[in-house]
Amino acid sequence: MSAGVNFEIRSGVALVCIDNPPVNALGAAIRQGILDAIDRADADAGIKAVVLCGRGRCFSGGADITEFGKPRKQPFLSELITRIESAKKPIIAAIHGTAVGGGCEISLGCHYRGGDRTAQYGLPEIKLGLLPGAGGTQRLPRLIGVEAALGVILSGDYVDATSALSQGFLDEIVDGDLVEGALAFAARIVAEGAAPRRTRDIEIDPADTKSIFADARAKTAKRWRGLIAPERCIDTVAASLTAPLADGLALERKNFDELVQSVQSKAQRHLFFAERQAHRVPGVAKETPTIPIRKAAVIGCGTMGRGIAINFANAGIPVTVLEQDKAALEKGLNATRETYAGSVKRGSLAAADMEARLALITGTTEYGALADADIVIEAVFEDMTVKKQVFAALDRVCKPGAILATNTSSLDIDEIATATKRPESVVGTHFFSPANVMRLMENVRGAKTSPEVLATVMQLSKTIGKVGVVVGVCDGFVGNRMLYAYRSQAEFLLEEGALPWQVDKVIYEFGFPMGPFAMGDLAGLDVGYMVRQHRRKTKPTNDRYSSLIADRIVERGRHGQKTGKGWYLYPDGGRTPVPDPEIEKLIQGISDEMGIRRRPIGDQEILERCMYTLINEGAKILGEGIAARPGDIDLVWVHGYGYPIGRGGPMFHADTIGVGTVFEAMKKLHEQHGEMLRPAPLLEELAKSGKSFQDLSS
Ligand code: 3HC
Ligand code: NAI
């Protein structure tokens, strides 16, 4: 049979198996293979039914994403699915692992769907800036109802076998061998004389759907702010209520074609591949063995420590938490329970699951309790002396080969490693706050960190549902180093004439969840103040001084939301920032003090100065080898700082606007503001050779 699709006949049933590792993506050859198989089965009078399954890890991961943006090749997926649906013989999809995107849509064209306990279905196209483009928007609402279908399409999340059965997506869950079960199912329906049951023939009752759509639009506007695809998904699903299938499919195709060309979808597809490419770490061979993580430990049960512990417990890994004394331990464990209780209250976690997860978290004040941990993550105060004491203690008690990780956000991993006799086991695992929510893990490679340790922490990132990125040692690593450059620029703008709410509005409208000043208030301004006092001792003399305003604000006792005021006012204990005339006065006073004549600053200038600085710092980081590729930086910013996904991250955004444009703007900024804004050598090199950041990845 055709390459990538196997065909055999078993007792009058055609078993058609997609065999295209690693995820049975539905490239042109596979689509042709399935089409040939269906034609053959329909033409063969001896064949009474067809079972369609996937070989390897899943049924199918959907359309081949690498084909997007290239000329479309026949047979088109949508037409193949129409052909499957129109087949004369009953076709049963036998699903194991994921049936997602086009894989899910193929199963919707089949007449019956069975799955084993590992089966999951979903339409993740929204996460690629797309909509389901092969009938998903038309058939899923017919099969499981409009509300449930919108839920699946607008979240992009995968639905497990049990829920799929109760929704009516799966007809049966097979315990035991899936293919045998599906063949038996086929034999049964053949014996019953059942005809093909076509999803397209299911009628939808359009009554009472008005509020469902209104609700979906409201939620979408909030969750996917600024993105086009979600709106298009809703519009297209709406067509399934009123239009015949063919018209609905035509609209779906039109909208899909438009989206696939959009910058947003290109950006989201870039992030999809960047996430996977990040696992190819230079110097760490693919076959590098990983250390099994069966038991974990966390030192410090403060803000970060408990979030990290929750990550382990959520993944079913027992974790021991060590605090400096019983009181701190009790406080930390109580706060951990409260975090879980919050999830139960919001309905995102069952009470029984909370107890099961809490049972995996054990508290201690004794280092001896860490002797059998496979990984220990330190999250104590950001102080080199304290960290070194902790690592020396870990070196004494931890078993050979255990990973000794630090969550430091800025300190030198190599210096921390000197407190041990096993620097090869020391690594940074930099989580972002709140650690149980934010998806980024900057895994910091020390000079002596072994490949096994790096491979293991990258694997661990995946196990606990994080996006792992390997970065090198420097002040602030990738994320915070870039944040520092961007924030400084935002503060220069205040000195020159802008106000915090103007800067924040521009950044919010660009797509960030909030601007740098509102973000500072949320995180707390006192920590940054302390870091600046320390940094000032080593600050290069030719660097323009900034942060005078930020310092004064903290010195007035304004530490952000927690004190009810910071850059903004937060009246009545609220979280909504309110502009404060006192801050305006303070800023104006400082401009006068600095001898700066304030001028009106336009939104475009704010945007360019903030975003180009971010890009420039990213280019320096790439040039220094602190990040291996532009996509790694993009992942850090999207998953650690809320950079808008539809723009693909700072480096992808640079390519969108043109590296040359950024370079010219940086040259001017450098002339105006000094050394800190000198264009990165790599930016200059790319601009002069007409290349893009993307060219560095290929
Ligand atoms: N097309 C092309 N390549 C794909 C792919 C796809 N749909 N899905 C996964 N891959 C590749 C990955 O890039 C990766 O390649 P690499 O090894 O060279 O880095 C490899 O397959 C393995 O992927 P994962 O590391 O993600 O493997 P997992 O086993 O962890 O997960 C999966 C498997 C659950 C299928 C996961 O890959 C996934 O969720 N994929 C996304 C699926 C998706 O978005 N599908 C929708 C496609 S768009 C579509 O179908 C449009 C249609 O509506 C017309
Ligand atoms: P925190 O102050 O909330 O918690 C630190 C905890 O460590 C406290 O509970 C303290 O009792 C405990 N501790 C201190 N010394 C100890 C010791 N010798 N042994 C055992 N426990 C000890 O601090 P937070 O915010 O959780 O930060 C921890 C680390 O994470 C720091 O290195 C920080 O830079 C880093 N980090 C913090 C982020 C944040 O947003 N808070 C983000 C990313 C990293």
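The values are calculated or read from the model by the stated rules, or taken from the named source; none is laboratory data. The structure displayed is predicted, hence computed values, not measured ones. FYI the Cβ positions are ideal-geometry reconstructions off the backbone, even for glycines, and counts take in every protein chain you see.
Worth a mention:
- A single entry from Phe381, Phe431, Phe391 fulfils the requirement of being closer than 24 Å to Met482 by Cα, more than 26 Å from the chain's Cα centre (by Cα) and aromatic (Phe, Trp, Tyr): Phe381.
- Subset of region 51-70 (residues that are away from ligand 1 (no atom under 11 Å from the Cβ) and touching a residue at least 60 places away in the same chain (Cβ under 8 Å)): Val51, Cys53, Gly69
Rundown of residues vs (1) within 16 Å of ligand 2 (Cβ to nearest atom); (2) more than 21 Å from Glu452 (Cβ to Cβ); (3) outside the structural domain of Gly133 (by TED's automatic domain parsing); (4) not in a helix (DSSP H, G or I), yes/no style:
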| site | (1), (2), (3), (4) |
| --- | --- |
| Leu271 | no, yes, yes, no |
| Glu275 | no, yes, yes, no |
| Arg280 | no, no, yes, yes |
| Pro289 | no, no, yes, yes |
| Cys301 | yes, yes, yes, yes |
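- Looking only at region 242-254, and only at residues there that are of a type outside the set (Gly, Ala, Ser), assigned to a helix (DSSP H, G or I) and at pLDDT 90 or above, the one that is farthest from Arg198 (Cα to Cα): Lys254
- Scanning region 322-334 for residues that are buried (at least 16 other Cβ atoms within 10 Å of the Cβ) and either in contact with a helix residue (DSSP H, G or I) (Cβ under 9 Å, 6 or more places away or on another chain) or of a type in the set (S, T, N, Q) (or both) yields Leu322, Glu323, Gly332, Leu333.
- Any chance Gly528 is at pLDDT 95 or above, crowded, with 16+ Cβ neighbours inside 10 Å and within 16 Å of ligand 2 (Cβ to nearest atom): no
- Subset of region 142-167 [hydrophobic (A, V, I, L, M, F, W, C) and more than 20 Å from Ser240 (Cβ to Cβ)]: Ala161, Leu165
- Put simply, of Ala371, Ala309, Ala359, Ala315 the only residue that is within 16 Å of ligand 1 (Cβ to nearest atom) and either closer than 15 Å to Ala297 by Cα or touching an Asp or Glu at 6+ places or on another chain (Cβ under 8 Å) (or both) is Ala315.
- Any hit, region 216-238, residues being in the same structural domain as Gln120 (by TED's automatic domain parsing), in contact (Cβ under 8 Å) with a residue 60 or more places away in the chain and more than 26 Å from the chain's Cα centre (by Cα): no
- When we screen Lys73, Lys48 for residues that are surrounded by fewer than 21 Cβ atoms within 10 Å (Cβ to Cβ) and more than 14 Å from ligand 1 (Cβ to nearest atom), the only hit is Lys48.
- Only one of the numbered conditions (1) at pLDDT 95 or above; (2) away from ligand 1 (no atom under 16 Å from the Cβ) is violated by Pro206, and that is (1).
- Within region 284-320, the set of residues being under 18 Å from Ser433 (Cα atoms), modelled with pLDDT of 95 or more and not small (Gly, Ala, Ser) comprises Val298, Ile299, Cys301, Met304, Arg306, Ile308, Ile310, Asn311, Phe312, Asn314.
- Qualifying positions in region 560-602 - touching a residue at least 60 places away in the same chain (Cβ under 8 Å) and within 29 Å of the chain's Cα centre (by Cα): Pro577
- Note on region 161-200: residues that are part of a helix (DSSP H, G or I) and small (Gly, Ala, Ser) total 10.
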